[in-house]
Amino acid sequence: MSGFDEQTTLASPTGANLNLFHMHPKDRLRAVVQINHGLAEHAARYLPFAQYLSQIGFAVFAHDHRGHGHTRADDAPLGRFATAAAGRGWEKTVADTLAVNLHAQKQYADAPLITFGHSMGGLIAMNFALSHPDRQAALAVWNSNFKMGFEGRIAQALLAAERMLKGSDVPSGMLPRLTFQAWGKAIRKAETPFDWLSHDPAAVSAYIEDPLCGWDATVSLWQDIFAMAFRGSNPRALAALPNTMPVHLVGGGQDPATAKGGAVTWFARKLCSHGKKDVTGRIYEGLRHETLNESAPPGARGAMEDFAAWALSALQRSAKATS
């Protein structure tokens, strides 16, 4: 059993059969939270977060993205959003997210919805909000790096070369060295290559031992990730996001994936400079990449409580802005 109240398969218009989890609110319904998980992991890892939110009145939906977990699609084997022949993987992933959003709001028609994403899931959440700005009342983007710059362009060039030499439906040889492996080496006295995820040895061990975590992404999946990162901070694209929409950004001060939270702070300033008036940014100085799996203060529970406080306040502001 998953531990969620429901586990179902949702047929997406893209052709994907999405593995979908649902947690019912155990208190008076306040809102719906739609969770988007990160790269090389899956939605079941968000059970503790879903349980916490459920206890205080939030309904929760979380699905495995294409090429992840137990979601199945003919054009998206494990490790990619879509095959080279199918193409446009990130757009299909956003379309799948819309399918879950519509499903959630059909079940809770009168409840506001918060789109939440961690890491790659934050890129998906942001791109979903840009494509469908009216489908959520608030947006939470945690531990995501939109600050691509020159290094991002170099990475794209390397991926283009890899695609030309060996195709896009094979694991990238270059990007793991620049990301997961480099982040692992950034942690002093690390005991595993994945200590950059969390200070909690149990959480790191669970990730390492999970066959659905930690695999090498394909060239095409990395290209989709960079496409979402660049679009998510593009001024033209950002114009679609309502200026009054509450946005919650979180980073870890010891997270090498976001330059120790620097990329999160940069993105907060970017949003504000483009007219977004309700941006809340928080860098947890002692935390690494997976805020929701941390043991260092304030720990996962403290971060969950902070999210809930922001969400309840944000929903009030959002209701006033749209009334």
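The values are calculated or read from the model by the stated rules, or taken from the named source; none is laboratory data. Because the structure is a prediction, the values reported are computed rather than measured. Every residue, glycine as well, gets a Cβ built from its backbone with ideal geometry; the counts of neighbours run over all protein chains shown.
Structural remarks
- Candidates ALA62, ALA50, ALA44 - the one that is within 30 Å of ALA82 (Cβ to Cβ), surrounded by fewer than 23 Cβ atoms within 10 Å (Cβ to Cβ) and either at pLDDT below 95 or not polar (S, T, N, Q) (or both): ALA44
- Test: ALA138 is buried (at least 21 other Cβ atoms within 10 Å of the Cβ), of a type in the set (A, V, I, L, M, F, W, C) and more than 21 Å from PHE49 (Cβ to Cβ): no
- Restricted to the stretch 85-121, and to residues there that are of a type outside the set (D, E, K, R), under 14 Å from LEU10 (Cα atoms) and without any contact (Cβ under 8 Å) to a residue 40 or more places away in the chain, the residue that is surrounded by the fewest Cβ atoms within 10 Å (Cβ to Cβ) is LEU102.
- Exactly one residue out of LEU165, LEU158 is surrounded by 14 or more Cβ atoms within 10 Å (Cβ to Cβ) and not hydroxyl-bearing (Ser, Thr, Tyr), and it is LEU158.
- Cross-chain or 6+ apart pairs with Cβ under 7 Å, the stretch 155-168 first and over 18 Å from ALA229 (Cβ atoms), then in a helix (DSSP H, G or I) and among the polar types (S, T, N, Q): none
- Long-range neighbours under 8 Å by Cβ, at least six apart or interchain, first residue under 30 Å from THR83 (Cβ atoms) within the stretch 224-251, second basic (Lys, Arg) and not in a loop (DSSP other than H, G, I, E, B): SER233/LYS270; ALA237/ARG231
- Looking only at the stretch 12-29, residues that are in contact (Cβ under 8 Å) with a residue 40 or more places away in the chain and more than 12 Å from HIS63 (Cβ to Cβ) come to 4 in all.
- Within the stretch 252-267, tally of residues that are without any contact (Cβ under 8 Å) to a residue 12 or more places away in the chain and among the aliphatic types (A, V, I, L, M): 0
- Count of the stretch 64-113 residues, restricted to those that are over 20 Å from the mean Cα position of the chain (by Cα) and farther than 24 Å from SER2 by Cα, is 10.
- ALA263 of a type in the set (A, V, I, L, M) and in a loop (DSSP other than H, G, I, E, B): no
- Checking each residue in the stretch 266-275 for being surrounded by fewer than 19 Cβ atoms within 10 Å (Cβ to Cβ) and either touching a strand residue (DSSP E or B) at 6+ places or on another chain (Cβ under 9 Å) or part of a loop (DSSP other than H, G, I, E, B) (or both) picks out ARG269, CYS272, HIS274, GLY275.
- Which listed residue is at pLDDT 95 or above and part of a loop (DSSP other than H, G, I, E, B), from HIS68, HIS22: HIS68
- Options SER295, SER313: the member that is more than 16 Å from the chain's Cα centre (by Cα), surrounded by fewer than 22 Cβ atoms within 10 Å (Cβ to Cβ) and part of a helix (DSSP H, G or I): SER313
- Residues in the stretch 195-205 that are assigned to a helix (DSSP H, G or I) and more than 23 Å from ILE124 (Cβ to Cβ): PRO201, ALA202, VAL204, SER205.
- The stretch 217-249, residues that are in contact with a Gly (Cβ under 7 Å, 6 or more places away or on another chain) and either of a type in the set (Asp, Glu) or assigned to a loop (DSSP other than H, G, I, E, B) (or both): ALA217, ASP224, ASN243
- Between GLY173, GLY121, GLY117, the distinction of being modelled with pLDDT under 95 and either farther than 29 Å from ILE283 by Cβ or of a type in the set (Gly, Ala, Ser) (or both) belongs to GLY173 only.
- Considering (1) within 25 Å of ALA229 (Cα to Cα); (2) in a loop (DSSP other than H, G, I, E, B), the lone condition that ARG282 does not fulfil carries the number (2).
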